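> A single structure is presented below for examination.
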Amino acid sequence: MELDSLDAKIGSLAPNFNLLATNGQSISLKDFRGKSNVIVFFIRETTCPQCKTHVTQLGKMYDQFREANTEVIVILGEDVNKSKEYADSIKLPFPILADPDRAVYHLYELEKYFLLFQRTASLVVDKDGLVRYLKRTTVPNVWLQESRELYGFVLSLES
């Protein structure tokens, strides 16, 4: 099975979702339409060290992303309490969205690969709600340089 088959969806309207965030708010992807670009990152598992490194880096770069008119959404396939514990453990400046049934993971075709390995993805949705950048994988090492790549990408959207 080809893991990069979602490339065909670049340029299409990003599927909307509405999830409860660790700050108690209900957040929908369409809330950002017409206002800002959005980076959406799906955490593989709470035990994934590369995902934690990437999310921590997104947190450190959050002000830079905001200056580039880009919001950050991080989705975790856990309930809101476990998601809050995870967010608090790395002191994020933005909430994590809880997807306990992994319904949004499925919406974005991130089912487990061979029923064993949770797929993860990083994408950029522009102000019009279109997917402009998409990378998904079962090998989380790709996330170690991802935040700088995402920053360069969102800067290119503004020019």
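The values are calculated or read from the model by the stated rules, or taken from the named source; none is laboratory data. Here the structure is a predicted model, which means the values were calculated and not measured. Don't worry about glycine lacking a Cβ; one is built from the backbone with ideal geometry, like all the others, and counts go over all protein chains shown.
> Every residue in segment 33-57 that is of a type in the set (A, V, I, L, M, F, W, C) and either without any contact (Cβ under 8 Å) to a residue 60 or more places away in the chain or surrounded by fewer than 19 Cβ atoms within 10 Å (Cβ to Cβ) (or both), please.
Cys48, Val55 - these are the residues of segment 33-57 that are of a type in the set (A, V, I, L, M, F, W, C) and either without any contact (Cβ under 8 Å) to a residue 60 or more places away in the chain or surrounded by fewer than 19 Cβ atoms within 10 Å (Cβ to Cβ) (or both).
> Please pick out the residue among Tyr113, Tyr105 that is modelled with pLDDT under 90, in contact with a Gly (Cβ under 7 Å, 6 or more places away or on another chain) and more than 17 Å from Gly152 (Cβ to Cβ).
That would be Tyr105, the only listed residue that is modelled with pLDDT under 90, in contact with a Gly (Cβ under 7 Å, 6 or more places away or on another chain) and more than 17 Å from Gly152 (Cβ to Cβ).
> Take Lys84 and tell me if it is modelled with pLDDT of 90 or more, among the basic types (Lys, Arg) and assigned to a helix (DSSP H, G or I).
yes
> With surrounded by 13 or more Cβ atoms within 10 Å (Cβ to Cβ), over 22 Å from Val124 (Cα atoms) and not polar (S, T, N, Q) as the only criterion, which of Lys91, Lys82 stands out?
Lys82
> Val125 - would you say it is at pLDDT 80 or above and surrounded by 21 or more Cβ atoms within 10 Å (Cβ to Cβ)?
yes
> Conditions first: (1) surrounded by fewer than 19 Cβ atoms within 10 Å (Cβ to Cβ); (2) among the aliphatic types (A, V, I, L, M); (3) in a helix (DSSP H, G or I). Leu20 passes all but one, so which condition is the exception?
(3)
> Only one of (1) over 17 Å from Ile39 (Cβ atoms); (2) assigned to a helix (DSSP H, G or I); (3) at pLDDT 85 or above fails for Asn141. Which number is that?
It is condition (3) that Asn141 fails.
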